[in-house]
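Student: Below is a structure I'd like to ask you about.
Just so you know, all these numbers are worked out from the coordinates, no wet-lab data involved. Not measured: the values here are computed from a predicted model. Ideal geometry is used to build each Cβ from the backbone, glycine not excepted, and the neighbour counts take in all protein chains shown.
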Amino acid sequence: MNSNLKLAWRNLWRNRGRTLITVASVFFGVLLSTVMSSMQEGSYSSMIDNVVRFYSGYMQIHHENYWEDKTINNTFVVNDSLLEIIQNDPYITNYTPRLETFALASSEDKTRGSMVIGIDPERENSVTQLKKWINKGEYLKLRDDGVLLGYDLAKYIDLDVGDTLVLVGQGYHGISAFGKYPVRGILKFASPDLNRQTVYMELSNAQRLYGTGNRLTAMVLMIESQDMLNRAMKSLKKKLFPPYSVMSWSEMSPEILQLIEGDRAGAAMTKGILYLLVGFGIFGTVMMMVLERRRELGVLVAIGMQKGKLALILFYETILIGLIGVLAGFAGSVPVIAYFFNHPIVLSGSAAETMIQMGLEPLMYFSWAPEVFYVQVITVFAMTVVVAFYPVSKAFGLKVHEALRA
Amino acid sequence: MSIIEIKNLTKIYDGSTVEVRAVDHIDLSFEQGEFTAVVGPSGSGKTTFLNMLGGLDAPTEGEVIIDNVDIWQLNSRKRIDFRLHNIGFVFQAYNLLPVLTAKENVELIMELQRRPKEERTERALSLLEAVGLGDRVDSRPSKLSGGQQQRVAVARALASRPKFILADEPTANLDSKSTENLLDIMENLNKEENITFIFSTHDARVMKKARRIVTLEDGKILSDEIKQP
């Protein structure tokens with residue numbers, strides 16, 4: 001072993017109890033911040049996953065004016081070249097077409113404004129698992145002429161499976177749109193909004209109702225994971241030209257991103273305070289280590305040790321404390337996070353109800369992403385390096401004759 | 001021939017109201033092989049004088065020339081290096097590294113000089129043997145008595161093959177038997193290997209062994225007496 005390291009290592013254990021307490025503070029700092037980050041990132045991923053898989057997909061292709069002015073006139077035609085781009089894109093794993101617009105949904109006595117969504121039943125189910133929300137009746141089949149109603153909408157207009165729904169609205173370029181459709185099933189979503197206003201019908205039916213031909217309002221696109229979103233967006237943007245435009249889920253639902261960013265900032269402050277406590281813990285120990293050995297440090301320089309070498313030994317001592325604590329914290333956090341990654345915490349009570357109402361699973365997920373680990377490890381270690389400059393500065397500023405009198 | 005020339009050496013401490021002349025215009029020289037005691041009452045400037053002589057505390061004025069090198073003209077880095085190769089130190093409180101064994105403490109200074117491992121080990125063992133600690137080479141300072149620790153400190157001071165050894169009150173913390181023992185070792189090294197010792201002391205037993213006694217008072221040389229053999 002390098003002689004400086006050897007000396008630093010031995011010095012570290014001169015006061016075994018103090019060193020162990022300091023190492024423990026680093027260990028718990030890393031462990032807590034890693035578990036906290038894992039829980040946080042796991043929740044965000046779950047939230048994004050829910051948003052994406054529930055309705056919006058990771059990306060959507062629209063007509064370039066659609067997002068600013070969501071009318072049925074801002075629709076686009078899916079031609080062969082667009083399909084080819086989608087099917088050949090290396091990032092896109094699945095897609096489903098939609099035609100979304102508004103209409104009045106009526107029964108014999110009652111009417112309510114509704115969102116009509118024309119879908120390819122099989123594709124839609126493979127992307128959003130729409131079928132699982134069927135509460136009564138059955139899911140749509142290919143070329144089905146029926147509709148699926150949101151639970152509260154069906155209740156309000158007093159329709160049940162087998163009854164007839166009348167839709168009245170405005171079609172492509174102002175034409176009148178009306179039709180009557182048998183109710184095939186009732187959907188009971190976790191989201192009250194969707195229960196209140198959705199009407200699903202087969203895409204070709206919707207296109208006929210609104211006179212759009214084979215036009216769509218959106219092509220919903222799925223990719224492997226959130227990690228690939230930026231690359232997938234970049235790749236697709238290069239290939240799509242007006243009148244097409246592509247948007248990511250975060251552009252379509254900025255409130256989710258803002259929620260995540262806000263929460264991250266709050267958690268960063270908590271972690272900052274934790275890091276600060278750990279940092280002061282290390283600093284206190286290092287300060288004591290230097291002050292109580294002032295005379296010894298003076299002797300070393302007196303007998304011929306260069307201050308640079310002395311500084312290096314003191315630097316190693318601090319770094320070793322940090323390194324042991326950080327590695328132990330990392331080793332300790334791996335099994336904890338591995339367990340919770342495989343066994344998410346099941347929420348109960350009002351927390352669970354709130355999540356269900358938001359359309360989320362009542363589970364607290366943990367993330368296994370590498371950055372959850374290395375960010376904490378690097379941060380705490382970097383803090384140790386910063387603290388290590390204190391003994392270094394003390395070594396370089398040492399006045400030998402004063403130190404010998406200490 | 002002088003190995004140390006001290007010219008007009010002065011140290012003034014600026015107190016809040018009055019300046020203190022700890023060492024006041026001292027001119028002195030030391031020959032190779034001297035066994036000199038610097039004596040004087042507390043506050044007479046012995047330690048300050050030795051610190052300036054050893055390159056540890058900067059003089060306000062004057063020169064310390066060792067082997068034709070004015071050590072206070074060297075920069076800090078070079079002065080540390082000069083100390084490493086030319087001056088051995090023995091301190092009143094031994095000041096061994098508690099985490100190193102006796103052998104490692106002696107080896108450390110040679111390691112700083114980048115001497116080969118074999119040479120370091122061989123010399124450390126022979127020096128510890130010479131100071132009567134051949135059987136305690138692997139003991140840490142906490143397992144040694146005060147007298148034994150001071151003998152390790154002497155071995156450490158000798159390890160770098162210095163031109164002279166400065167010892168600041170080396171027997172102040174020792175009992176009479178340990179003092180006697182240490183003085184015998186230092187005297188033998190001085191006589192047999194012609195090693196120069198300069199030490200500050202209050203101890204009458206040390207003064208009795210010394211062949212030259214420089215007495216300081218109020219930072220000035222009161223007397224400089226060379227004993228006849």
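Student: The stretch B:104-225: D in µm²/s via Stokes-Einstein (Kirkwood Rh, Cα pairs, 37 °C, 0.692 mPa s)?
Tutor: Value of D from the Cα-based Kirkwood radius: 214 µm²/s.
Student: Give the span of the protein assembly as shown's Cα atoms along each principal axis, as three whole-Å numbers ordered largest to smallest.
Tutor: Ordered largest first, the protein assembly as shown gives principal extents of 135, 51, 43 Å.
Student: Here's something else I'd like to know. So what's the stretch B:12-53 giving for Rg/Rh, alpha carbon basis, Kirkwood Rh from the mean inverse pair distance?
Tutor: 1.05
Student: I've got another one for you. Tilt of helix A:307-342 relative to the longest C-alpha principal axis of chain A, in degrees (0 to 90, nearest 10)?
Tutor: 30 degrees
Student: When the helices in chain A are scored as -39500 (n - 2.57) per DSSP H run of 4 or longer and the sum is shared across all residues, what 222 nm value do you end up with, to the nearest 500 deg cm²/dmol?
Tutor: Theoretical 222 nm ellipticity from helices: -18000 deg cm²/dmol.
Student: Right, another one. What FRET efficiency do you get for A:Asp163 and A:Asn214 if R0 is 41 Å and r is their Cβ-Cβ distance, rounded to the nearest 0.05?
Tutor: 0.85
Student: What is the packing order of peptides B:21-34, B:84-97, taking the mean over residues of other C-beta atoms within 10 Å and listing the highest first?
Tutor: Sorting B:21-34, B:84-97 by mean packing, highest first, produces B:84-97, B:21-34.
Student: Note down the magnitude of the dipole of the protein assembly as shown about its Cα centre, charges +1 on Lys and Arg C-beta and -1 on Asp and Glu C-beta and zero elsewhere, to the nearest 20 debye.
Tutor: For this selection, approximately 1080 debye.
Student: Using only C-alpha positions, report the orientation-averaged shadow area of the convex hull of the stretch A:205-359, nm², one decimal.
Tutor: 18.4 nm²
Student: On the principal axes of its Cα set, how long, how wide and how thick is the stretch B:2-226? Give whole Å, largest value first.
Tutor: The principal-axis extents, from largest down, are 51, 38, 36 Å.
Student: A further question follows. Go through the stretch B:29-44 residue by residue and turn each phi into a ³J(HN,Hα) via Karplus (6.51, -1.76, 1.60, θ = phi - 60°); whole Hz please, and just put x for glycine and proline.
Tutor: Karplus-based 3J(HN,Hα) across the stretch B:29-44 equals 9, 10, 8, 4, x, 6, 10, 10, 10, 9, 10, x, x, 4, x, 7 Hz.
Student: Using label points projected 7 Å from each Cα along Cα→Cβ, tell me how many nm separate A:His173 and B:Gln73, to one decimal.
Tutor: 10.2 nm
Student: Sum -39500 (n - 2.57) across every DSSP H segment of at least 4 residues in chain B, then divide by the residue count to get the 222 nm mean residue ellipticity, nearest 500.
Tutor: Counting only the DSSP helices, I get -11000 deg cm²/dmol.
Student: Under the definition of partner shielding as Cβ atoms of other protein chains within 10 Å of a residue Cβ, what is the mean value for peptide B:98-104?
Tutor: Shielding by partners across B:98-104 averages 3.
Student: Right, another one. How do B:Phe199, A:Phe76 rank when sorted from fewest to most other Cβ atoms within 10 Å of their own Cβ?
Tutor: Going from sparsest to densest Cβ surroundings: A:Phe76, B:Phe199.
Student: From the cross-link list A:Lys394/B:Lys78; A:Lys271/A:Lys394; B:Lys11/B:Lys163, which pairs have alpha carbons spaced over 22 Å apart?
Tutor: A:Lys271/A:Lys394; B:Lys11/B:Lys163
Student: Based on Cβ point charges of +1 for Lys and Arg and -1 for Asp and Glu, what charge dipole magnitude is obtained for the stretch A:65-241 about its Cα centre, in debye rounded to the nearest 20?
Tutor: 260 debye
Student: Quick one: length gained pulling A:Ala267 to A:Ser393 fully straight, 0.36 nm per residue minus the C-alpha distance?
Tutor: Full-extension gain reported as 42.0 nm.
Student: On average, how many beta carbons from a partner chain sit within 10 Å of the beta carbon of a residue in B:81-88?
Tutor: What the average comes to for B:81-88 is 3.
Student: Ranked highest first by average number of other Cβ atoms within 10 Å, how do A:317-326, A:371-380, B:101-110, B:71-80 line up?
Tutor: Output ranking for A:317-326, A:371-380, B:101-110, B:71-80: B:101-110, A:317-326, A:371-380, B:71-80.
Student: What ranking do A:157-168, A:32-43, B:111-122 get when scored by the average of other Cβ atoms within 10 Å per residue, highest first?
Tutor: For the peptides A:157-168, A:32-43, B:111-122, the packing ranking is A:32-43, A:157-168, B:111-122.
Student: Please report Rg over Rh for the stretch B:112-173, where both radii come from the alpha carbon positions and Rh follows the Kirkwood definition.
Tutor: Taking Rh as the inverse mean 1/r over Cα pairs, Rg/Rh reads 0.97.
Student: Between the stretch A:341-406 and the stretch A:239-285, what's the alpha-carbon centroid distance in Å?
Tutor: Result: 15 Å between the Cα centres.
Student: Kindly provide the Kirkwood hydrodynamic radius of the stretch B:1-134 in Å, to one decimal, from all pairs of distinct alpha carbon atoms.
Tutor: 17.0 Å
Student: How far, in degrees from 0 to 90, does helix A:370-396 lean away from the longest principal axis of the Cα atoms of chain A, to the nearest 10?
Tutor: The angle comes out near 30 degrees.
Student: Can I ask one more? Within 10 Å of each Cβ of A:47-56, how many other protein chain Cβ atoms are there on average?
Tutor: 0
Student: Taking the square root of 5 times each eigenvalue of the Cα gyration tensor, what semi-axes in Å does the equivalent ellipsoid of the stretch B:1-77 have, largest first?
Tutor: 22, 16, 10
Student: Here's something else I'd like to know. What is the magnitude of the charge dipole of chain B about its Cα centre, with +1 placed on the Cβ of each Lys and Arg, -1 on the Cβ of each Asp and Glu, and no other charges, expressed in debye to the nearest 20?
Tutor: It works out to roughly 560 debye.
Student: Next question. Among all lysine pairs in the stretch A:65-241 that are eight or more places apart or on different chains, how many have alpha carbons less than 13 angstrom apart?
Tutor: Counting lysine pairs in the stretch A:65-241 gives 7.
Student: Enter the angle in degrees (range 0 to 90, nearest 10) between the Cα long axis of helix A:254-291 and the first principal axis of the Cα atoms of chain A, meaning the one along which they spread out most.
Tutor: 10 degrees
Student: Beyond 16 Å, what percent of the Cα pairs of the stretch A:95-160 remain?
Tutor: 51 percent
Student: Compute the distribution of all C-alpha to C-alpha distances in the stretch A:65-241, in bins of 5 Å from 0, and list the percent of pairs in each, rounded to whole numbers.
Tutor: Bin by bin from 0 Å, the calculated values are 1, 8, 16, 19, 19, 15, 10, 6, 3, 1, 0.
Student: Could you work out how far apart the two model spin labels at B:His85 and A:Leu240 are, taking each label as a point 7 Å from the Cα in the direction of the beta carbon, and quote it in nm?
Tutor: The modelled label-to-label distance comes out at 7.5 nm.
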